[in-house]
Structures are given as C-alpha cells and as structure tokens.
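The values are calculated or read from the model by the stated rules, or taken from the named source; none is laboratory data. Small disclaimer: the values here were computed from a predicted structure and weren't measured. Counting neighbours? That spans all protein chains shown, and the Cβs are built from the backbone with ideal geometry, glycine included.
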Amino acid sequence: MTPEIYIKRQCKADTVERGSLIQSLWSGYGEVVRYSLTGKEAPSSVIVKHCSFPLEVSHPRGWHSDHAHLRKVRSYEIEQHWYRHWASRCHPSARVAQCYGDFYDEYTGQRLTLLEDLDAVGYEDRYNAHNSEYLLSCINWLAAFHAGFIHPTPSTDWPNGLWSKGTYWHLDTRQEEWSVMAEGELKFVASELAKCLDNARFKTLVHGDAKVANFCFSPLDNQVAAVDFQYVGGGVGVQDLAYLLGSALSEFELAENIDYLLEYYFSELGRALMAQGESQAFAQEVIEEWQNLFPIAWADFHRFIMGWSPTHPKNTPFSQQLTGQALSQLRRS
C-alpha cells in the first residue's frame, strides 16, 4: 500500500501530497516524511515513518549482521506497538505525538506509522545548546515519563509488547560489539553491570534513545515532546538520563554541571511520583536506588561505545572516570 492511499483512508483526507523528507532511517531502512493534507476532518499535515527493508544493508561503521538486521526489524514492530497500546498512558507532561494509525504488510515487511506533526502544533524548535532551559525541559519530560510508568514489582511479561530490557545498547542485544572490546576489567564485568540494572527493585519504562535530537521544543514556553520509540522498554530512569546528558553536553560542561543536573532530575522525579499519589517514603526509596545506579548506567553505555567505536568522541576522560567509579562500586559489592 502506498503512503498516500493509507493516509487518505486513515485521516479522512480529500487530498494528500508528499512534502519534505525529514530524515532517512538508519542503514537505509526507510524514511520519515511530512505530508500535506486537505479535508474537513483531516489535520493539515502528518508525519509518516515508512519502514521498508533494503536488499543490501549499509552501516556507517560496518555493523550489518543478521542479528543487527533482526534487532532493527523488531524495533520498528515495537514502536508501532508502543503507539498503539502504551503512548496514551503517558503523563501529560511527557508529551508524545498522537498516532493516527499504523500499517504492516506481512509479505513485504513494509510498515507505515502516521504521526501528529509536532511542528504544526507548536513544537517546531530543536535543541539549542545555548538555551539551558531546553535541557531542563528534557529532564522534566524524563522525570514525568519515568514516574508515570514506575513499577516496583513487574511481572515476567512486563512490559507487554515492548523490549523487556529497553535501550538500544543493552548487552543482550550487543554481543558482537562486546566480543571485539579490548580485554580488560570493563569487558570482564559487562554482564555484572547489566545485572545491576536488570535486577533493580524499582523498574520503569525507559525511552531507550533519549538523545536531545529526539526531542521537539515549543519556543514560547519551553515545553517539549519526544519522538522515536524504537527502543522503549523496561529499565531504570538513569539509563535515559545518562544518555541524554551525554548527548547534550561537552566533557567540560558535564564535569561542571553533572551534580546540579542529577539533583534536578531526582527532585523532579520525586515531585512527579508524589503528585501521582506515591508516598514521600516510596519516592525516596526510588531516588536512593537510582542515584546509586547512575554511574552503573553510565558505565553500561560506555561499555557499548568501547565495543562499537572506541575512537568515538564520547570516549572521554570524564566518561572513563565515571566508568571507573562504577567499577569501584562493583568491587565493593
């Protein structure tokens, strides 16, 4: 089915016109495109995430195994499940795009996801490193999202239909990258780092790819909405927080601001938990556990970088130092 036909049917549009290409999907797996619509009941525009799998996969760093392909295919399936069954449960402060419908062709593997055009409803700005309020807005979003899906005693099938272990760098899905890591303590204890996160008492949903590029901002009031939920699943909130901060700040900025930003996140998390009826004692227990896990979460992502691309700019002395702190925690445990 062509995107135009599906959009016209789902959105009750009179006309549908392809507009600008927003981005191509990773490794040539499709594209994200804006379409213009007319019609009494139709929105003026929609965003279409169109997944179609190439005959030959091209990865910029050479990671194009069957396992990597299946992980990506599964991620698009999970994202559609997220919008269909979970997105409506988000707290209003954790804004996501409305989904107008999704389509899957079992024969070709083609997927279409029709999403609200966030630009058209006021979220037209993108991250600006010179606006510190934008980073705080992202942290507010994470705190509301994590509080809204907090789950102290998850069942074995939770979260149904999503990744049981969220984030795109989770060790279970990155064994190839782990295998090529340089020998050393980080490689040796990688599974222990993962276990610390997996066995946390307080679990929630994590966005799984919470870099600043996946947030859209309203310049009028610094409100924010998140996109790209291919790796949403179970985890602890500081996994998202560590990745967000690493995507937004330079090494110097991290060293200067990390304590304040952690304090800010945990303050907002506690406030969000109590606002939805949790006790102060409960909120404090969550905060204390996740504070202890922040260096572990950071080191877990650093482990991925050291296998995937050890010369990556994210492999900084700051990141190495925080990873060393996590390794010291493991030795004491």
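Miscellaneous remarks
- Which listed residue is over 10 Å from the mean Cα position of the chain (by Cα), small (Gly, Ala, Ser), part of a helix (DSSP H, G or I) and crowded, with 16+ Cβ neighbours inside 10 Å, from Ala225, Ala272: Ala272
- Against the list (1) crowded, with 22+ Cβ neighbours inside 10 Å; (2) in contact with a strand residue (DSSP E or B) (Cβ under 6 Å, 6 or more places away or on another chain), the condition Pro154 fails is (1).
- Filter pass, Ala242 being small (Gly, Ala, Ser), buried (at least 16 other Cβ atoms within 10 Å of the Cβ), out of contact with any Lys or Arg (no Cβ under 7 Å at 6 or more places or on another chain) and assigned by TED's automatic domain parsing to the domain that holds His146: yes
- Options Ala182, Ala190, Ala210: the member that is of a type in the set (Gly, Ala, Ser) and either surrounded by 24 or more Cβ atoms within 10 Å (Cβ to Cβ) or more than 20 Å from Met306 (Cβ to Cβ) (or both): Ala210
- Considering residues of segment 96-126 that are in a loop (DSSP other than H, G, I, E, B), in contact with a Cys (Cβ under 8 Å, 6 or more places away or on another chain) and surrounded by 15 or more Cβ atoms within 10 Å (Cβ to Cβ) only, the residue modelled with the highest pLDDT: Tyr123
- Within segment 149-160, residues that are in contact (Cβ under 8 Å) with a residue 40 or more places away in the chain reach partners that are assigned to a loop (DSSP other than H, G, I, E, B) with beta carbons closer than 6 Å, at six or more positions or on different chains, in the pairs Pro152/Phe202.
- Taking (1) at pLDDT 95 or above; (2) under 30 Å from Asp66 (Cα atoms); (3) not charged (D, E, K, R) in turn, Ala143 satisfies each apart from (2).
- Close pairs from segment 249-269: first touching a residue at least 40 places away in the same chain (Cβ under 8 Å), partner hydroxyl-bearing (Ser, Thr, Tyr), Cβ under 9 Å, at least 6 apart: Glu251/Thr316; Glu251/Ser319; Leu254/Thr316; Leu254/Ser319
- Some residue of segment 164-175 being under 23 Å from Arg95 (Cβ atoms), in contact with a helix residue (DSSP H, G or I) (Cβ under 8 Å, 6 or more places away or on another chain) and either outside the structural domain of Ser267 (by TED's automatic domain parsing) or at pLDDT below 95 (or both): no
- The lone criterion from (1) farther than 25 Å from Gly161 by Cβ; (2) in contact with a helix residue (DSSP H, G or I) (Cβ under 9 Å, 6 or more places away or on another chain) left unmet by Gly235 is number (1).
- Among residues of segment 21-55 being at pLDDT below 95, outside any loop (DSSP other than H, G, I, E, B) and surrounded by fewer than 19 Cβ atoms within 10 Å (Cβ to Cβ), the one that is farthest from the chain's Cα centre (by Cα) is Gly28.
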